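Below you'll find the structure, written out as structure tokens, and then a few comments.
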Amino acid sequence: MEVPKDQIATLMDLGLYNSAQMLSCFLVSSPAANAETNPHLKAESLVLLGDALFREREHRRAIHTYKQALQYYKISKQNLTTSRSSLSSNRSSSPNSFNISAINENEVKFKVASCHCALNENRQALAEMEQISKGRNLQMNLLMGKLYRYSRNNRSAITCYKESLRQCPYVIEAITALAELGVSAKDIVSLSPQNPNRSGRAPFDCFDSSRWLQRYVEAQCCIASNDYKGGLELFTDLLQRFPNNIHLLLEIAKVEAIIGKNDEAIMNFEKARSIDPYLVTYMDEYAMLLKIKSDFSKLNKLVHDLLVTDPTRPEVFVALSVLWEKKDERGALSYAEKSIRIDERHIPGYIMKGNLLLTTKRAEMAVIAFRVAQELRPDIRSYQGLVHSYLALNKIKEALYAAREAMKAMPQSAKALKLVGDVHASNSGGREKAKKFYESALRLEPGYLGAALALAELHVIEGRNGDAVTLLERYLKDWADDSLHVKLAQVFAATNMLQEALSHYQAALRINPQNEAAKKGLERLEKQLKGVDPDAPEEDEENDVEDADADQEETDLL
């Protein structure tokens, strides 16, 4: 043979894809690979060329090449049926020779589908994969599960992911997907094949490995069902057995970020980055936390590191959006949208987009973004976004429905209870109900500052400034939080205790010099000290909500 096939394979193994691609061009055009006399050789040569193009990320060219290979493969099969005996008698024993069995049609179709996926053409990819009816390997089942999930065919997705775990019980991606699709931990664990030895008992290490894997499955199922406390406990137990496990640290930090344990989440994200400074996964979640803490020096460094590591990932563009939010909201929104174009299932991209739209008073569009995030995987942040968007639109009934949805989905979540309280607090007739929900949230999670601040605000609105101060000062003993100082300063300013207000504004700025509320409060206070009325109070518009059945439902949930 003029162009040795094994040399192309060697180049591919060494990662020299450009050289492999050029050499494959010679192979495809060689006289030995004549389409009329040797269609099977032509087909195999085209597959090699397609592989090189795929590795070079020339996906459109790879699809075209693979499909040509499949056409020549069909021709060679037809020729084989008419001249099987002559082909078998003339088959060469040389290692460089080709035969019809060298091509796996299913593998080539899988490669075509993979190219379509790389181009975000999921519908075409699924059409290719559905042509593979038998003999699907692990990679094929995983890809089909993902594509069925993208097309919202959850039943077929579950079937494919289950088959993946039967083929290999350690496919973490399939475990997580099945948990998010609502499959129970017991059903997922039951898919793991039992491998007893000759005595009929499984070896010790099999039992040992199955225990930690079972705990991991249970943790993912807890998180998927919004049982964040249970999931965190299981992940933490696993981390003790596998210390400095980057995957576990990231999973724990992500959940802590969702439930508002910001300091703990930051600590775990930073620990993961200290082990591997080139991490990209979940780094957009870390960026959001840094912004909340107003730690812009760390945020700047994080974004710089992410751009150096891999500027094509959606997490990088969400982090850029977080960084630019304060400087240029329009630019920040374009970065959030870019992250979604890269990966249309990237939830932080939708959360960030929704928050930006809400900030820029485009609540109708914010609702759409939060709805998509909720459909992909509902968590407290998407519910919070929906409720606040509906409140901005003065759609109180819709806001109440979304808040109750959150409460049903997360009955043990203090944040969900507070969300219902927020809706009731938006109108004067619901403040007593709001107070009950805030108090219930604090009983469930005594350290939840969000509920404490909301309850203090309610006290102030109803003229119970003393109760507000008592509540906030009680929390101030345990938490050095700038938002607590700001709220106390606002209460003292409202009761004309200006020196106390000044002291707390200054304390807030010592903790967080970037706290905008503290800065504005100080400016307002300066006007008050000069005897100038800083602003006129605005009357809240009443928007009563009467829903007797739902009220009873809330009482039952409480």
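The values are calculated or read from the model by the stated rules, or taken from the named source; none is laboratory data. All values derive from a computational prediction rather than experimental measurement. Positions of Cβ are backbone-derived with ideal geometry, glycine not excepted, and every protein chain shown enters the neighbour counts. With ligands, DNA and RNA removed, areas are computed over all heavy atoms of the protein, side chains included. Shrake-Rupley method; radii C 1.70, N 1.55, O 1.52, S 1.80 Å.
General remarks:
- Accessible-area value, Asp343, 1.4 Å probe, nucleic acids and ligands omitted, Å²: 50
- With Cα atoms, 0 to 90° folded angle of helix 39-55 axis to the chain main axis: 30
- Cα centroid separation, segment 221-238 to segment 489-506 (Å): 42
- Cα-based helix-to-principal-axis angle, 138-150 vs the chain, degrees rounded to 10: 40
- In Å², nearest 10: area of Thr312 left accessible to a 1.4 Å probe: 80
- Only protein heavy atoms count here; under a 1.4 Å probe, Glu337 has an accessible surface of about 60 Å².
- Remark: for residue pairs Lys146/Lys353; Lys397/Lys418; Lys298/Lys326; Lys271/Lys415; Lys327/Lys353, the C-alpha separation exceeds 18 Å in Lys146/Lys353; Lys271/Lys415.
- Apportionment of accessible area to carbon and sulfur, segment 374-498, percent (1.4 Å): 50
- With the cut-off at under 11 Å, measuring from each backbone N in segment 16-60 to a point 7 Å along the Cα-to-Cβ line of Leu119 picks out 58-60.
- Spin-label model distance (nm) - Asp276 vs Thr236, 7 Å beyond Cα toward Cβ: 2.4
- Other residues within the sphere of radius under 12 Å centred on the Cβ of Leu48, judged by their own Cβ, net out at +1 (K and R +1, D and E -1).
- (i) 135, 80, 41; (ii) 80, 65, 40; (iii) 104, 56, 45, with the label sought being that of the calculated Cα extents along the principal axes in Å: (iii)
- Centroid-to-centroid separation of segment 408-474 and segment 266-295 [C-alpha atoms, Å]: 30
- Gap separating the Cα centres of segment 36-56 and segment 335-392, nearest whole Å: 45
- Normalised per residue, the accessible area of the chain is 51 Å², obtained with a 1.4 Å probe and no contribution from ligands, DNA or RNA.
- Ranked by the mean number of other Cβ atoms within 10 Å of their residues, highest first, the peptides 107-114, 151-158, 503-510 fall in the order 107-114, 503-510, 151-158.
- Computed over protein heavy atoms with a 1.4 Å probe, the carbon and sulfur contribution to the accessible area of segment 227-357 reaches 52%.
- Backbone geometry of segment 106-119 corresponds, through the Karplus equation with coefficients 6.51, -1.76 and 1.60 at θ = phi - 60°, to 3J(HN,Hα) couplings of 4, 5, 5, 4, 4, 5, 4, 4, 4, 5, 4, 4, 4, 9 Hz, x marking Gly and Pro.
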